[in-house]
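Read-outs throughout are calculated quantities, based only on the coordinates presented, and are distinct from any laboratory measurement. Predicted, not measured: the structure shown is a model, and the values here were computed from it. Reconstructed Cβ throughout: ideal geometry from the backbone, glycine too, with neighbour counts over all protein chains shown.
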């Protein structure tokens, strides 16, 4: 955010994200540009202030992009004893818990530990990769499901206080 005059919110430069349930709105007419912005403005009557005004103050010449946040709950995959995944490739999650980066770093740490156990501890590579992958899937599935639940709770002012984020902050919970 940038503001020449902090008292005049209409002159602020802001990057904003509007999130909605796909089932509540028609398909956007365009994924970017003025048509996308017009769609966002036309479907923002229920957005609370000051966010509604920030959307309305967005100039038609400002860049606007509509993109879908994608996620899936991980399931076991065949590692062939040598192939695995980490981070968003293994467990892409919505932003509502702020957990994606934490899990990606933990994945990297545990992957290195698995490789070191093969090198130094005589652990079979296939077993080490299989155990690492099982951990990524179990932990990732819990985190993805939590992010989906948090997203649903975040869509309503009555329930937002029930989110894990509101109750305990960004600490890892999965």
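Of all residues in region 1-34, those being surrounded by fewer than 10 Cβ atoms within 10 Å (Cβ to Cβ), in contact (Cβ under 8 Å) with a residue 24 or more places away in the chain and outside any helix (DSSP H, G or I) number 1. Which members of region 60-111 meet the condition of being free of Cβ contacts under 8 Å to residues at least 24 places away in the same chain, touching a helix residue (DSSP H, G or I) at 6+ places or on another chain (Cβ under 8 Å) and on the phi > 0 side of the Ramachandran plot? Answer for region 60-111, where residues must be free of Cβ contacts under 8 Å to residues at least 24 places away in the same chain, touching a helix residue (DSSP H, G or I) at 6+ places or on another chain (Cβ under 8 Å) and on the phi > 0 side of the Ramachandran plot: just 87. Among the residues of region 35-52, those identified as surrounded by 13 or more Cβ atoms within 10 Å (Cβ to Cβ) and out of contact with any helix residue (DSSP H, G or I) (no Cβ under 7 Å at 6 or more places or on another chain) are 35, 36, 37, 38, 39, 43, 51, 52.
Residues in region 134-174 that are more than 17 Å from the chain's Cα centre (by Cα), over 20 Å from residue 104 (Cα atoms) and touching a residue at least 12 places away in the same chain (Cβ under 8 Å): 157 alone.
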